[in-house]
Structure formats: structure tokens, C-alpha cells
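The values are calculated or read from the model by the stated rules, or taken from the named source; none is laboratory data. What you see is a predicted model; the values in this text were computed from it and never measured. Ideal geometry is used to build each Cβ from the backbone, glycine not excepted, and the neighbour counts take in all protein chains shown. Areas reflect the complete protein model, heavy atoms only, side chains present, ligands, DNA and RNA absent. Shrake-Rupley method; radii C 1.70, N 1.55, O 1.52, S 1.80 Å.
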Amino acid sequence: MQHITRPLPSITQDNEDFWRSTREHAARLQRCNACEKFWYYPGPVCHNCGARNWTWTLLSGVGTIYSYSVLERAKGNPYEEDVPITIVLVRLAEGPVVMSNLFDYEPGELAIDAEVMIDYEDVNDEVTLIVFRPARR
Amino acid sequence: MATRAIIAGIGESPLGKVPGMTALGIIVDAALNAIEDAGLTVQDIDGIILHPAFHVSPRYHIIVAETLGIYVKTMADTTMMGGASYGVAIERAKQAVESGLCKNVLIVGGEKLATGHVSGSAMMASVGAHNLDYEYPFAATIPAYYGLLAQRYLHDYNADESDLAQIAVATRKHAARNPNATMREPISVDDVLNSPIISSPLHRLDCSLVSDGGAAYVISAAGTSKDPSREVEVLGIGQAQSYYHMGQLAEGKGDHDLVRTVVDVAGKRAFSQAGLTPAEINMANIYDSFTITVIVQLEDLGFCERGTAGKFAAEGNIDPGGKLPVNTHGGLLSNAHPGACGGMLGFTEAVRQLRGEAGLRQVAKHDNALVSSASAVASNFSVSILGAPIQ
């Protein structure tokens, strides 16, 4: 996998269960017990209806590209030397849209509505990020 | 008769690369120029609005007032909304003047993005305006955010990069007529498309400049400035904010999503108050952090149909002498972009145009001007419609 010098997220009480699930390579998101919708990013209340009860639910791992951008210049940022970096917004099958990176794709696979699947990048002992690859049948 | 707030004075500091002045020096220079333009003294100012942006203290607005010798204020605010701050600030100042809270409100901003920071850190600093936990780890920079917006726009409307480029080309035509603009050489669509990709589909010439500079305006009650025949009217003003994380913007709600922004909400309020329609607007200074920022606003404000802003520009409508000249000073793309306060230059330019003081680039018909400001990947907006002085 392409190396990217990544700025690291802060792990808090609101998101520690999420980051534990990605470390286990079995990403879960909160699904509201009231409206049954998923939301992203993790937080103390349902973004859709305000309910404060949820169930951490395993993701199917599939989604489609909502948009993408290939970053070619990033002067002054920690990943300055790692460009080009492909940034994607992925609409998960469960509904939420997440920002991530796409790896190991062929020309033509970087396209809006293209199907992708979750992969995991273990950045260090604490942080594993959700990243994506093309979904090939 | 009810008090009516007007723009009494405007000021700018030197713009572009200003190595000889500190940020504080730039801010104070712009402030004093605006106070002088209004025919007031520092002692007349009883309200201040400044967005601390990249400055060291969350109380930077107080530090600026202290530097100017304004001891007692009855309003001191920060409108922390990035690029949209200085449009929202006019709305806040107008309410303060019309309610009797203040007599003269100073709105001022200034940054040293070109010569004041370690190279590249302007972009880094901006990252704090976006999410550090779920976005920045994936190498999102400001141009990448707007690249994601632009790519989705191109997909939804079957448009291409040349549609974006048209905005940069038209803006440069205006800048060529502004002797103070940083970039004045004419450019073509091919020049834009041949400039390096920063974050696809955005090329370098789709991106705004990084500059030093500051600007200021004074909001007062009608009839109280040095020369009421130069007082610019605020005919209508509105604001609207949506979300913060890019994915949340994309999920959208109701009629709005990433490429169908809430600037229409701000615009409708401004148009309604002004009693004007988009077709009746003489000129528009549209916040142009990137070419795509202008594209979505032209459409969402109703100046052209969705998906047609590139064509609208290609047909010359936003050029000098066009149906709707856009960014007559050269905008953030070609004039100067000193960070969050860059949008103030759209206001100072509109005031010059409405007063008939814009020199070589004076628009022929200048009864009104729309000015927008935007920030945070087209999620925060303020829209003002200003009117020429009542003679």
C-alpha cells in the first residue's frame, strides 16, 4: 500500500468504540435504536433524530464513490512528499458518506458511482483507518 | 423615522506581498483609512467586529481596538465563519446601528498569508477550519475539498474542466483593469488547463492567490458621515450555513447537498429585502476561493440555470461590459486573497463602483451590486445587495 504520512485523529469517549472496531478490522458504526439510521462520524447523539441510544453495528464493507480528487500538491503538509494521493468520498451501503483514500485501482475504476470495498490501514498500534479498494467481482 | 444603517467608509491596506508591515500594522492601516473615508475619528467608533482567523489570540478583536485606542465598545464580536465572516459582520453591524446599540461599527480584517508565515503553512492553518479526526488523516487540503466539490459538479451536470476555467479567464479580464491587482496578464482557457493540477480537477489557475493585506468598513446611521452623498445603502442582506464535514454536506437534506448549496437561502432573503430579482442586479462580487465556488453560487443565486455557469461565463456575461460583471476588482483569483478577510475586497470594490469611483473599471450601470462571501467548502454564506448613494 502507498505510504502516506498521516496526521492522526484524537481518540475520545465519543469514538473509542469505532476506533477499536477498525483496529479489529471489523468496522462498526452507530445505528440509531429509534430511527434505525446509521450515522458518521461517531458521536453522542443520532445525527438524524437526536436519539441517545444506539447499537454499534458491523458494516457490510461496500459502498460507491460519491466524488473523488487526486491531490498532487500539498506543500507544507505532513504528506507533502506522498502525493499523488487519491481522496474519495464514499457513500456506504448503510447510508453515511465518509472521506477516505482509494488504493490499488486501475484507470477507469476511479469514477463516481464505482463500487468500492473497505480495507484497513494500520497506521500505528492505536489507529487503524478505513480505506478503500475497487470492488472486483 | 427609523434609523437606517449605511456603509459610511471603506479602507484597504497595501495588498499582495507586504513584507514591510505586520498583520497588526495592516489591520490598523485599513481601519484608519476606512474611518477617515467616513469622515469620522477613532473616538466615534463604539463597536468592532474582527474575525481572529489565523491570529494568535481569540481576543484579537479586542487587541486591535486597544491598538486603535477604542476603550469602551458596546459591541465587540468575531463572527467566526471564515470567509463568510465579513458579510455576516455587516448584517450584525446593521442590526446594532438600527437598534441603537452602536453609532459607528468598525469591521476590519487583515492577514499576512504571503510573507508572514512559513511557506505553505497558510494552507496548514486553514486545515483547522476543517475536520482533523475524520478528514485530515486522509490528506484533505483546502484545494482537495474543493476538488471533491468540483468533481461531483462536473459529474452531475456533464460539464468539464473548461467550464471551471471560464471563471478564471473572465476574472483575469477584470483584474487587467485594476492597477493594484496581483495578476493582470490575460489568460486563456488553455492556460488554465495547462497549469499544474493542484487537486483534480482543479488546476493552479482555478485556485485563489495567497496574499497579504487587509480591509475595513464603517457602518453608521444614514446622514451621519462626512459626505452623505457617498453613503452606500444596504438594500438587503441574508446568511445561511449548512454543515461542516464533507460527507455530511454530501448526504444533504431536502433540496440541498454538496453541489446545491444553501446560498440560495441567503440570496432569497437579500433579494426579498431589496425588492430586486437576479436579472435586475447590475454587478456581482462573488466569493471566488476557487472557480467552482463561483460556479455553484451563480447557479444557486439564480443568475443562470443549474449546470450552465461555465457557458454563462463563456458567453461573456460576467466579463467587463457584460450583463453581470463579476468580481470587477479581479477577485481572490487575480486581485488578492489575504485569507478570511479576502472577501472584504468584494465589498470595498462594490462601494467604489456604487459611488462611481472605480476609475478605469467603472461599470456603466451601478445602481446596485450583489456581494457574496463564502467559506468552508461552500457551506457558509452571506449575501448582500448594496445600493448606490441616494442623491
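What 222 nm value per residue comes from the helices of the protein assembly as shown, counting each DSSP H run with n ≥ 4 as -39,500 (n - 2.57) and dividing by all residues, nearest 500 deg cm²/dmol?
-7500 deg cm²/dmol, from helical runs alone.
Name the residue farthest towards the positive end of the dipole of the protein assembly as shown from the options A:Ile112, A:Leu71, B:Ala250, assuming +1 on Cβ of Lys and Arg, -1 on Cβ of Asp and Glu, about the Cα centre.
So the residue we want is B:Ala250.
Could you work out the Kirkwood radius for the range A:1-134, taking every pair of different alpha carbons, averaging 1/r and inverting it, reported in Å?
For the range A:1-134, inverting the mean 1/r across all distinct Cα pairs yields 15.7 Å.
Distance between the C-alpha centers of the range A:17-38 and the range A:67-137? Whole Å please.
What the calculation gives is 19 Å, centre to centre.
Could you provide, to the nearest whole Å², the per residue accessible area of chain B with probe 1.4 Å?
35 Å²
Distance from the Cα centre of the range B:285-305 to that of the range B:314-391, in angstrom?
Value for the Cα centre distance between the two parts: 12 Å.
Any chance you could list P(r) for the range B:7-146, counting all Cα-Cα pairs in 5 angstrom bins from zero, rounded to whole %?
2, 10, 18, 20, 19, 12, 9, 6, 3, 1, 0
Counting only other chains, what is the mean number of Cβ atoms within 10 angstrom of the Cβ of each residue in peptide B:142-155?
5
Could you tell me what percent of the accessible area of the protein assembly as shown is made up of carbon and sulfur, with a 1.4 Å probe and every protein chain present?
Roughly 50 percent, rounded to a whole number.
What residues of the range A:1-18 lose no less than 30 Å² of accessible area with every protein chain in place versus their chain by itself (probe 1.4 Å, heavy atoms only)?
Listed by number, the residues meeting the 30 Å² cut-off are A:Pro7, A:Pro9.
Can you list the trypsin sites (Lys or Arg not before Pro) in the range A:43-95 that are in a DSSP coil and have 14 or fewer other beta carbons within 10 angstrom?
Hits after loop and neighbour filter: A:Arg52, A:Lys75.
Give me Rg/Rg_expected for the range A:12-58, where Rg uses Cα atoms only and Rg_expected = 2.2 N^0.38 Å with N residues.
Normalised Rg, Cα atoms only: 1.06.
Can you give the Rg and Dmax of the protein assembly as shown based on its C-alpha atoms, in angstrom?
23.3, 74
Looking at the range A:60-137 from every direction and averaging, what is the projected area of its Cα convex hull in nm²?
5.9 nm²
Just want the answer: with Cβ charges of +1 for Lys and Arg and -1 for Asp and Glu, which residue in B:Asn327, B:Gly307, B:Ala139 is farthest toward the dipole's positive end in the protein assembly as shown?
The residue sitting farthest along the positive end of the dipole is B:Asn327.
On a 0 to 90 degree scale, rounded to 10, what angle separates helix B:291-300 from the longest Cα axis of chain B?
In chain B, helix B:291-300 runs at an angle near 80 degrees to the longest axis.
Not counting ligands, DNA or RNA, and with a 1.4 Å probe, what is A:Ser69's accessible surface area in Å² rounded to the nearest 10?
About 0 Å², ignoring ligands and nucleic acids.
How many Å² of accessible area per residue for the range A:60-137, probe 1.4 Å?
Solvent-accessible surface per residue comes out at 43 Å².
Explain nothing, just the number: dipole magnitude of the range A:12-58 about its Cα centre with +1 on each Lys and Arg Cβ and -1 on each Asp and Glu Cβ, in debye rounded to the nearest 20.
80 debye
May I ask for the distance between the Cα centers of the range B:69-95 and the range B:231-267, given as a whole number of Å?
For the range B:69-95 versus the range B:231-267, the Cα centre distance is 20 Å.
For the B and A pair, go ahead and give the buried accessible area with a 1.4 Å probe, both sides summed, in Å² to 100.
3300 Å²
What do you get for the angle between helix B:344-355 and the principal long axis of chain B? Use alpha-carbon atoms, 0 to 90 degrees, nearest ten.
70 degrees
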